[in-house]
1. Over the alpha-carbon set of the stretch 10-49, work out the extent along each principal axis and list the three values in angstrom, largest first.
2. How far is helix 61-70 tilted, in degrees, relative to the longest principal axis of the Cα atoms in the chain, given as a value from 0 to 90 rounded to the nearest 10?
3. Suppose we keep just the alpha-carbon trace of the chain; what are its Rg and Dmax in angstrom?
4. Suppose each label sits 7 Å from its Cα in the direction of the beta carbon; what would the residue 29-residue 57 distance come out to in nanometres?
5. Between residue 66 and residue 14, what length in nm is gained on full extension when 0.36 nm per residue of separation is reduced by their alpha carbon distance?
6. What is the gain in length, in nm to one decimal, between residue 90 and residue 36 on full extension, counting 0.36 nm per residue of separation less the C-alpha to C-alpha distance?
7. Working from Cα positions, state the angle (0 to 90°, nearest 10) between the long axis of helix 2-58 and the longest principal axis of the chain.
8. Between 97, 46, 54, find the one with the highest GNM mean-square fluctuation for the chain; connect C-alpha pairs within less than 10 Å.
Amino acid sequence: MRSLFYILSALAVMGLAFWAYRENYRTQQALAEAERLNGDIGAMREELNVLKAEWAYLNRPERLRELAELNFDRLGLLPLRPDQFGLIEQVAYPLPEMPAVTRVVDVVGLLEEERE
């Protein structure tokens with residue numbers, strides 16, 4: 001009986017060791033993947049910052065003014081002036097559409113019923 005218990009214990013220990021070995025490699029693989037993804041995210045953030053800087057450089061008011069003047073004959077663009085800009089409160093937003101009235105309601109009849 002003791003020998004059976006020793007054999008089962010040894011098999012359980014070997015099974016747990018095999019499981020721990022596999023989990024160790026899975027964990028290392030997951031950590032490597034997470035590190036790779038963090039590196040990709042960092043590279044993409046850096047690229048985004050470069051693109052934002054390029055966009056800001058290309059949208060300089062003096063550059064846009066020069067382009068408008070150079071291409072006035074072809075495009076008819078007027079140069080930018082400070083008085084052309086407004087506040088957000090000055091923007092006229094469209095009103096929401098009102099639903100169409102499809103049913104007629106007799107208001108006079110309802111008022112007379114309430115009085116009674």
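Read-outs: derived from the displayed coordinates by stated rules, not from any lab. Note that this is a predicted model, so its numbers are computed, not measured. As a convention, Cβ positions derive from the backbone with ideal geometry for all residues, glycine included, and neighbour counts pool all protein chains shown.
1. Taking max minus min along each principal axis of the Cα atoms, the stretch 10-49 gives 58, 6, 5 Å.
2. Value to nearest ten degrees: 60.
3. In Å, with Rg to one decimal and Dmax whole: 37.3, 103.
4. With each label point 7 Å from Cα toward Cβ, the separation is 4.4 nm.
5. Contour length minus the Cα-Cα distance gives 11.0 nm.
6. Gain on stretching residue 90 to residue 36: 14.6 nm.
7. Orientation of helix 2-58: about 30 degrees from the principal axis.
8. 97
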